[in-house]
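Please read the structure below before turning to the comments.
The values are calculated or read from the model by the stated rules, or taken from the named source; none is laboratory data. Here the structure is a predicted model, which is why all the values come from computation and not from measurement. FYI the Cβ positions are ideal-geometry reconstructions off the backbone, even for glycines, and counts take in every protein chain you see.
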Amino acid sequence: MTTIRDPQAPTVKGEFRKVDNATAGRRLSVLIAASAVVLSAINLTASVYLWRSTHELRAIDARLQDIAGLEKRLKSSLDVINSGIQARLDNLDRDMHNKITSVEDEVGKMQQVLVVPHSKVASQPESLPLISEPWSPETEEPTIAEAASEPILPASEPVRRKQTPPVSKVESAYQRTESPDGKVYYRRVR
């Protein structure tokens, strides 16, 4: 509070300014109410942020549980795919093994048909046609009737073929193992 003194004015002794109790009480109650409102607003804001954080944590927990379920589903799906691929590879391996074996058998049969003992060829040189010139497109091709009428080997004697050793089977290079769950695995034997 500022006091202004006028030197020409007479001085007053013993006069004090009195504060009104009602005004002071109102000011104090307004101050307390305003601070209560401010504290309530701060508490409300903090509770809203706390509620949002709790909600986000629950959502994250639900997502983590979904991820665990997704992981289990993916694992079971991969197991199914793996067993399906393993079954297809087993079928392809079996088919390829059968085809290789049949090709080897056919090659063995063809070798038996094509191999003629030297003694038969040397003893009957007149029955085999002699080729004087290599074939070229300008030379005449024999007709089918001419080719069929000229026997290459005498028809009266059956031709004995040299016996070739049996063709090795591809199966002997692998060992078949069956697991308790029914899957079949092949391991190369060395």
Item to check | Which listed residue, of Val30, Val80, Val103, is over 29 Å from Lys183 (Cβ atoms) and either hydrophobic (A, V, I, L, M, F, W, C) or not in a helix (DSSP H, G or I) (or both) | outcome: Val30
Item to check | segment 94-128, residues that are at pLDDT 85 or above and among the hydrophobic types (A, V, I, L, M, F, W, C) | outcome: Met96, Ile100, Val103, Val107, Met110
Item to check | Failed item, numbered, when Ile100 is tested on (1) touching a residue at least 24 places away in the same chain (Cβ under 8 Å); (2) of a type in the set (A, V, I, L, M, F, W, C); (3) surrounded by fewer than 10 Cβ atoms within 10 Å (Cβ to Cβ) | outcome: (3)
